[in-house]
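I have placed the structure first, in the form of structure tokens, so that the comments after it can refer back to it.
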Amino acid sequence: MPSEIVKRVISQCAGDGVPSAEVAKSIIGALKSLHAELTIVVGVQAASSLIAHAVHRTRDAIGWTIAPSAVITEKTLDALREDLAARPPAGCRSAGQILLLTLVDHLISLIGQPLTRRMLHSAWNMPDAALTSHESLQ
């Protein structure tokens, strides 16, 4: 399932003992890579809006300190990275995972699970062979 892919990416790029600044940098890097893949499918404006929507939907659960925005820009991503980096490492990982999972869930509802899964694999350089047998059946 795509949610398992997100959890795997978070654990690989933001393992235990990694400082919050590095975790935040990795999470924003994963978000930028996904944005690039989304841009191919829906265009720059829609891709930015989808990510902004995920930030908006997670605002209460995560307690983002960044200003609400209808689109995501480089400046917004920098502020998001700083917001994540200001948290303890575990909180940073958790917030990043919630944000990415929210975005992925929204993508699944819009474009379906198979295309979302392929997009995640492409964005995060995960070969299809990395799929578990359970994911292959989805």
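The values are calculated or read from the model by the stated rules, or taken from the named source; none is laboratory data. Given the structure is predicted, the values throughout are model-derived calculations rather than measurements. Heads up, the Cβs are rebuilt from the backbone with ideal geometry, glycines too, and the neighbour counts pull from every protein chain shown.
Evaluate the following for K32: is it modelled with pLDDT of 90 or more and touching a Leu at 6+ places or on another chain (Cβ under 9 Å)? So K32 passes the test. Against the test of being surrounded by 15 or more Cβ atoms within 10 Å (Cβ to Cβ), in a helix (DSSP H, G or I) and touching a His at 6+ places or on another chain (Cβ under 7 Å), the options A54, A79 yield a single qualifying residue, A54. Across segment 9-24, the number of residues qualifying as in a helix (DSSP H, G or I), more than 12 Å from the chain's Cα centre (by Cα) and touching a residue at least 60 places away in the same chain (Cβ under 8 Å) comes to 3. The residues of segment 41-64 that are hydroxyl-bearing (S, T, Y) and in contact (Cβ under 8 Å) with a residue 40 or more places away in the chain amount to a single one, T58. Just one of (1) of a type outside the set (A, V, I, L, M); (2) over 23 Å from K75 (Cβ atoms); (3) crowded, with 17+ Cβ neighbours inside 10 Å fails for S20. It is (2).
The condition of being buried (at least 17 other Cβ atoms within 10 Å of the Cβ) and assigned to a helix (DSSP H, G or I) holds for only one of L115, L100, that being L100.
Let's see how each residue does on (1) without any contact (Cβ under 8 Å) to a residue 12 or more places away in the chain; (2) assigned to a helix (DSSP H, G or I); (3) surrounded by fewer than 21 Cβ atoms within 10 Å (Cβ to Cβ); (4) out of contact with any Phe, Trp or Tyr (no Cβ under 9 Å at 6 or more places or on another chain):
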{"site": "I5", "(1), (2), (3), (4)": "no, yes, no, no"}
{"site": "K32", "(1), (2), (3), (4)": "no, yes, yes, yes"}
{"site": "T39", "(1), (2), (3), (4)": "yes, yes, yes, yes"}
{"site": "S69", "(1), (2), (3), (4)": "no, no, yes, yes"}
{"site": "R87", "(1), (2), (3), (4)": "no, no, yes, yes"}
